[in-house]
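Report on one structure; see the data block that follows.
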Amino acid sequence: LTSLRRLEHTGFEFHWEMSVLQKLIQLKTFLSLVTSTSIKFLIYKYFVRKNIRRNEEDIRGKCVVVTGGSSGIGKSSAKEFAQRGATVVIGDVDFENGQKVVQEIQKLTGNANVEILKLDLSDMDSVEQFARTVSAKHPKIKILCNNAGIGGSKDENIKTKDGFNIHVAVNYMGHFLLTNLLKKNLEAELQPRQEFHLGRRSRIIHSYAFCPGMVNTPITTSKDVGPGLKFFYRISMNVLATTPDEAASEFLMFCALEKSIEGETGKIYQFRKHFSEAIQKLDSQLAEDLWEKSSELNNLSKMRFMQKISQMKRFVVVVTSAWYAFFVYKHFKRNNYHRNEEDINGKCVVVTGGSSGIGRSSAREFAQRGATVVIGDIDMENGEKVVQEIKKESGNMNVTIFKLDLSDMDSVEHFAHQVSTLHPKIKILLNNAGIGGSKDENIKTKDGFNIHIAVNYMGHFLLTNLLMKNLKAEIHPRIVITTSSYLLMSELDLDDINMDKSGFGFENCLPYCNTKFCLALFTRELGRRTGINAYALCPGMVDTPINNLDNIGTGLKFFYRMALSTCSSTANEAASEFVMYCALDKGIEHETGQIYRFRKHFDKANERLDSELAKSLWEKSSEMVRLSERMSRVK
């Protein structure tokens, strides 16, 4: 400071002195970091390493994407993943060397499922092309290892074609874009992992950043540093550095596969434990600001537009598939069906949403078979008329209606109390009520739920549990749940089940898709947890009031109306042929937890039903509706 004061009168000298001070401070920080890392590694090497016990996830057949996989830690990591039976996709700018590496790994591991694609992380167009190729070929990605990077550089600000500093582009911005472009594929896999900080923005994905310590790889080039520091660095690398194989096997595999940290996210690790000094520097607001800035610089609005195009494609595929499946059923299989139904004469059947659509037709079908039918519906005025119509048409006077607002958990509890008191035994519960398309707004119920989550799923979850004793009091009871092929478009995130942070997707249909997936998962867990026969069914395209077309675009509205008018079933057909099949057919009386479409297993949908996810959803739902408290009040 004394020296600086003496030089204050000369601007040039002052700035020269500041530059020297800054460099000395930076040198001190550098030496401190290297020394600290060296000490930690020595402790790990001589005291911790020998006590390591691996407890890894099984990734056989799973897809793993590794950037920078042609050398260093990336190459060693790709080999480790391949040895564990994964399908490995390497992204690297050095394609020629990368092809040799792929052949080496295939030969070393005996795993032929290793490939390389060109990826230049300094070029955002290359990143987008790589992501498009990987996304199309691998719908599910288990692990994304963002490893590629460049090290020291000369004293010049090299810019990429996108206008980024070369280090910012390769080490960060390219990985930020790549991860966002592959996010849907990661979310499609159960408990995917990413090797960098994404935890707060994508709760379903477990994200880990790790420092491997000093590793002797091509990135640690020292050609651009001074002679003194170069000597110090080379000594450190020769004495205290790990090899790429060690770093990959011990540190990267820990973050990628270790079961003991599978519930953690957004943390930094060094030598297989939390890197506390680094974690303390992670400011949430700064991380959020960086995300927003990176999104802006990467033109994520364009990316989101492309995602909407992809969602539209999926929508058309789902609708076309349902259209075709119904066409085959209608013209080739319908006439070969022979009913073999249980007798429900005098049995109690509860139907939600029974004042219109499939619910109304189902209530009439049950009444015609002599059942005592209880309708639960929010529209009491129309519901009373429907009850009179059903009585007249079926000649069955045992049809009643009670007010049921599935968006209000207190109403659900009150309805359950009424039904439970009047009908000690319930043979069939048909969870049919629901709402369809929505506008781009997150409407909340008085319980704080998204309106779709409440009506389509949460209300039915609560009702079913509140009537469980009555169902179990009956011989061979059944629970039938109306779901939809749209569950195939679901992007369910249990940590954002109310969709407070998620977008509503193409034509705002995601809330509906997510709830139908929830119902299917609920069905799977019902079968496992209660022992009651539970069936979910997709009735195909049915022209009912739930098909609200007011909130979708003109072109899609035309496509959808054409599909409904040419290849949809009526509510009466859906109830008679599909609902009655799940509710009464003796051929499936021992099955449970499955989804059906057109009187057979809906295989593509059943493949999406993960038991662990179903269990987690049940536990989350129980907490949200305060299930224990409400069950204690409904005796």
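Chymotrypsin sites (Phe, Trp or Tyr not before Pro), restricted to the stretch 324-381: which are DSSP loop and have at most 14 other Cβ atoms within 10 Å?
Of the chymotrypsin sites (Phe, Trp or Tyr not before Pro), the ones in loops of the stretch 324-381 whose Cβ has at most 14 other Cβ atoms within 10 Å are Tyr337.
Count the net charge of all other residues whose Cβ sits under 12 Å from the Cβ of Glu389, scoring Lys and Arg as +1 and Asp and Glu as -1.
Taking every Cβ under 12 Å from that of Glu389, the sum is +3.
How much net charge surrounds Glu258 when only the other residues with a Cβ under 9 Å from the Cβ of Glu258 are counted, with Lys and Arg +1 and Asp and Glu -1?
Numbers: positive: Arg54, Lys259, Arg272; negative: Glu56, Glu57, Glu262.
So the environment of Glu258 carries a net charge of 0.
At what distance in nm do the modelled label points of Glu381 and Ser38 sit from each other, each positioned 7 Å from its Cα along Cα→Cβ?
The two pseudo-label positions are separated by 8.4 nm.
How long, wide and thick is the stretch 314-438, going by the Cα atoms along their three principal axes, in whole angstroms, largest first?
Its Cα atoms span 44, 38, 25 Å along the three principal axes.
Would you calculate the volume per residue, in Å³, of the smallest convex hull containing every Cα atom of the stretch 356-428?
On the way: hull volume 6.3 nm³, N = 73.
Taking the convex hull of the Cα positions in the stretch 356-428, it is 87 Å³ per residue.
Write down, largest first, the equivalent ellipsoid semi-axes of the stretch 83-164 in whole Å, where each equals the square root of 5 times an eigenvalue of the alpha-carbon gyration tensor.
They are 27, 16, 11 Å, listed largest first.
How far apart, in nanometres, would the label points at Ser616 and Lys100 be if each is projected 7 angstrom from Cα along the Cα-to-Cβ direction?
With each label point 7 Å from Cα toward Cβ, the separation is 4.3 nm.
Provide the gained length on full extension for the span Glu262 to Ile166, in nm with one decimal, where the gain is 0.36 nm per separating residue minus the Cα-Cα distance.
Using 0.36 nm per residue and subtracting the Cα-Cα distance, I get 31.2 nm.
Equivalent ellipsoid semi-axes for the stretch 382-486, as square roots of 5 times the alpha carbon gyration tensor eigenvalues: give them largest first, rounded to whole Å. Kindly include the intermediate steps, with their values, before the conclusion.
On the way: eigenvalues 129, 65, 39 Å².
One finds semi-axes of 25, 18, 14 Å for the stretch 382-486.
Label the stretch 596-635 by shape, choosing from rounded, prolate and oblate, from the square roots a ≥ b ≥ c of the eigenvalues of the Cα gyration tensor; if a/c is under 1.5 it is rounded, and otherwise prolate applies when a/b is larger than b/c, oblate when it is not. It would help to have the intermediate numbers written out before the result.
Values: a/c = 5.17, a/b = 2.11, b/c = 2.45.
In terms of gyration-tensor shape, oblate.
How much length, in nm to one decimal, is gained on full extension between Glu296 and Gln280, taken as 0.36 nm per residue of separation minus their Cα-Cα distance?
3.1 nm
Evaluate the distance, in nm, between pseudo-label points positioned 7 Å from the Cα of Arg60 and of Ser135 along their respective Cα→Cβ axes.
My value for the distance between the label points is 3.2 nm.
Between the stretch 356-384 and the stretch 99-152, what's the alpha-carbon centroid distance in Å?
Between the Cα centre of the stretch 356-384 and that of the stretch 99-152, the gap is 56 Å.
Every number here is computed from the coordinates shown, using simple stated rules; none is lab data. These numbers were taken from a predicted model, which means no experiment stands behind them. Virtual Cβ from ideal backbone geometry, glycine too; neighbours counted across all protein chains shown.
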